[in-house]
Structures are given as structure tokens and as C-alpha cells.
Amino acid sequence: MNNHRHFIFHKPYGTISQFINPHKRKKKLLGDFFNYPKKTMAIGRLDVNSEGLLLLTTNGKVSEKIRSSTIEKEYYVQVDGSIKQEDINILKSGVIIGFEGKKYTTKSCKSSLIPVPNFKERTQKIRDERHGPTSWISITLKEGKFKQVRKMTAAVGYPTLRLVRIRIGSIILGNMKLGEVKEIKSFF
């Protein structure tokens, strides 16, 4: 019998995707939002400045499958500047980023310009129009190196201002509220 439990979480900006605070920073942790069972682990992570869909499970085998390069992860990304289609095309074909002290060329991905999504304002203001235009793009990857999306947008000249993961495989963030946790029967 399968006694494992699975959760989806809408991670707010400023939250550490861990149960233990490694640097004793004054930030919220996963356990501050829900009383998860012992041995619950986050599947992949979102850095402290990123928001959106985070999956958690007590089943390490499921975690391994989702982190593999077969499952798509989709992000909505607000970038600094009016991004051009030619730069989106460069993102799609792969860009060179730094990873673990070496140069790495990202795999091809899906990317497109999108309308401004209807997200609640972030708890920490990003900036306003006085500092110039911004654009929103969608980036869908099957890999996930450390801060990869942020490095990719910077590589084409558009630093990331806000990053929200909206989908992992067939699981979508939808209209979950910030900080909301839902228990589900399975991921797939």
C-alpha cells in the first residue's frame, strides 16, 4: 500500500524552499505554511526571490522522476526592457550561461512573449515605469540548473525582475493563493 503524501504549494517571494534555514536568515520556511508529515521534501527548488508552483512529497522516487529532464517546467518571467523576438529566438535555441564555474549551453526550450499576467503584486515592489519598460515572457524548460532562467534572460540582455513558476508537467498553479498548500493524491 502506498502511504506517501503529495502537496502543491504556491511559494511566495522571500520564502526559502527548505525546512531548515541554512544561513539563519530571517525568512519564512516551508514548514511555516503547513504542518507537513516527516520526511517531506521539496521537489526541486525555487530560489528565495522566485515565486510560484512548488511540489512536495514524501516519496523520493517521485521527486527523482519530476526533477529528470523529461518533465516540463514553465515560468512566467518579467524582464527589464522591451524584449525583441530575435532575443526570444536566441533563448529558444540555447544560450551560454555559467554553471558550477564552467560555461554551459542550455538546451533548446520554448519561449514566447506573453501579455502581463494577472498576478497579485509582489510583497516587495520591483520598480515602476519611470525606470523604463518591462516585458513578460514564458519560458518552458525540461532542465533546471541553479538560477538557470535568470541567467538565460541576462545572457540575452534582459535581466529578470520577477520569476513565477506556473506549471510542472500537467500540474498548474492556477488560481492558488500565495502561501496556499493543497494535498493531492498523486502528481501524475
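Take ILE88 and decide whether it is assigned by TED's automatic domain parsing to the domain that holds LEU113, among the β-branched types (Val, Ile, Thr) and within 20 Å of the chain's Cα centre (by Cα).
Details: assigned by TED's automatic domain parsing to the domain that holds LEU113: yes; among the β-branched types (Val, Ile, Thr): yes; within 20 Å of the chain's Cα centre (by Cα): yes.
Here the answer is yes, as ILE88 does meet what is asked.
Among ILE97, ILE166, which is under 24 Å from PHE33 (Cα atoms), of a type in the set (Val, Ile, Thr) and in a strand (DSSP E or B)? Lay out the reasoning, then the answer.
Numbers: ILE97 fails: under 24 Å from PHE33 (Cα atoms).
After ruling out the rest, the residue left standing is ILE166.
Of GLY98, GLY81, GLY144, which residue is of a type outside the set (S, T, N, Q), touching a strand residue (DSSP E or B) at 6+ places or on another chain (Cβ under 9 Å) and at positive phi? Write out each step before concluding.
Numbers: GLY98 fails: at positive phi; GLY144 fails: at positive phi.
Matching residue, one of GLY98, GLY81, GLY144: GLY81.
I'm told ARG127 meets every condition in (1) surrounded by 12 or more Cβ atoms within 10 Å (Cβ to Cβ); (2) modelled with pLDDT under 95; (3) not assigned by TED's automatic domain parsing to the domain that holds ASN59 except one. Can you identify the failing condition by its number?
(1)
List, please: which pairs have Cβ atoms under 7 Å, are six or more places apart or on different chains, and start with a residue in segment 118-143 that is under 19 Å from GLU74 (Cβ atoms) and end with one that is modelled with pLDDT under 90?
Close Cβ pairs (under 7 Å, with a partner that is modelled with pLDDT under 90) amount to LYS142/SER69; LYS142/THR70; GLU143/SER69.
Tell me, which strands (runs of 3 or more DSSP E) lie completely within segment 5-83 with 1 or more residues that are touching a Phe, Trp or Tyr at 6+ places or on another chain (Cβ under 7 Å)? Before the answer, list the steps.
Numbers: elements: 6-11, 41-43, 51-57, 73-80.
Result: 6-11, 51-57, 73-80.
Is segment 33-40 home to any residue that is outside the structural domain of PRO117 (by TED's automatic domain parsing), hydrophobic (A, V, I, L, M, F, W, C) and under 30 Å from PRO115 (Cβ atoms)? Give the steps one after another, and end with the answer.
Quick first cut of segment 33-40, residues outside the structural domain of PRO117 (by TED's automatic domain parsing) only: 33-40.
After this cut, where a residue has to be hydrophobic (A, V, I, L, M, F, W, C) as well, the list is 33-34.
Still in the running and under 30 Å from PRO115 (Cβ atoms): 33.
Yes: one or more hits.
Would you check if SER138 is of a type in the set (S, T, N, Q) and either under 27 Å from ASP32 (Cα atoms) or loosely packed, with under 13 Cβ neighbours inside 10 Å (or both)? Break it down into steps so the answer makes sense when it comes.
Values: of a type in the set (S, T, N, Q): yes; either under 27 Å from ASP32 (Cα atoms) or loosely packed, with under 13 Cβ neighbours inside 10 Å (or both): no.
No; evaluated as a whole, the condition is false for this residue.
With respect to the numbered conditions (1) at pLDDT below 95; (2) out of contact with any Asp or Glu (no Cβ under 8 Å at 6 or more places or on another chain); (3) surrounded by 13 or more Cβ atoms within 10 Å (Cβ to Cβ); (4) under 20 Å from HIS10 (Cβ atoms), which one is the sole condition not fulfilled by ARG122?
Among (1) at pLDDT below 95; (2) out of contact with any Asp or Glu (no Cβ under 8 Å at 6 or more places or on another chain); (3) surrounded by 13 or more Cβ atoms within 10 Å (Cβ to Cβ); (4) under 20 Å from HIS10 (Cβ atoms), the lone unmet condition for ARG122 is (2).
The rows are residues; the columns are (1) exposed (fewer than 15 other Cβ atoms within 10 Å of the Cβ); (2) among the hydrophobic types (A, V, I, L, M, F, W, C).
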residue: VAL149; (1), (2): no, yes
residue: THR153; (1), (2): no, no
residue: LEU161; (1), (2): no, yes
residue: ARG165; (1), (2): no, no
residue: LYS177; (1), (2): yes, no
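Please enumerate the residues belonging to segment 21-76 that are at positive phi and surrounded by fewer than 12 Cβ atoms within 10 Å (Cβ to Cβ). Lay out the reasoning, then the answer.
Going through segment 21-76, the residues at positive phi turn out to be 24, 39, 44, 52.
Answer for segment 21-76, where residues must be at positive phi and surrounded by fewer than 12 Cβ atoms within 10 Å (Cβ to Cβ): LYS24, LYS39.
Only residues in segment 83-109 that are under 11 Å from LYS151 (Cα atoms) count as the first member; pair them with residues that are part of a helix (DSSP H, G or I) and among the small types (Gly, Ala, Ser), Cβ under 6 angstrom, at least 6 apart or cross-chain, and list the lot.
Pairs that qualify, where the first residue is under 11 Å from LYS151 (Cα atoms) and the partner is part of a helix (DSSP H, G or I) and among the small types (Gly, Ala, Ser), are VAL95/ALA155; ILE97/ALA155.
Considering GLU121, GLU86, GLU100, GLU143, which residue is among the charged types (D, E, K, R) and within 16 Å of GLU51 (Cβ to Cβ)?
On the way: GLU86 fails: within 16 Å of GLU51 (Cβ to Cβ); GLU100 fails: within 16 Å of GLU51 (Cβ to Cβ); GLU143 fails: within 16 Å of GLU51 (Cβ to Cβ).
GLU121 is the lone residue from the list that is among the charged types (D, E, K, R) and within 16 Å of GLU51 (Cβ to Cβ).
The values are calculated or read from the model by the stated rules, or taken from the named source; none is laboratory data. Values in this document were obtained by computation on a predicted structure and should not be read as measured data. Ideal geometry is used to build each Cβ from the backbone, glycine not excepted, and the neighbour counts take in all protein chains shown.
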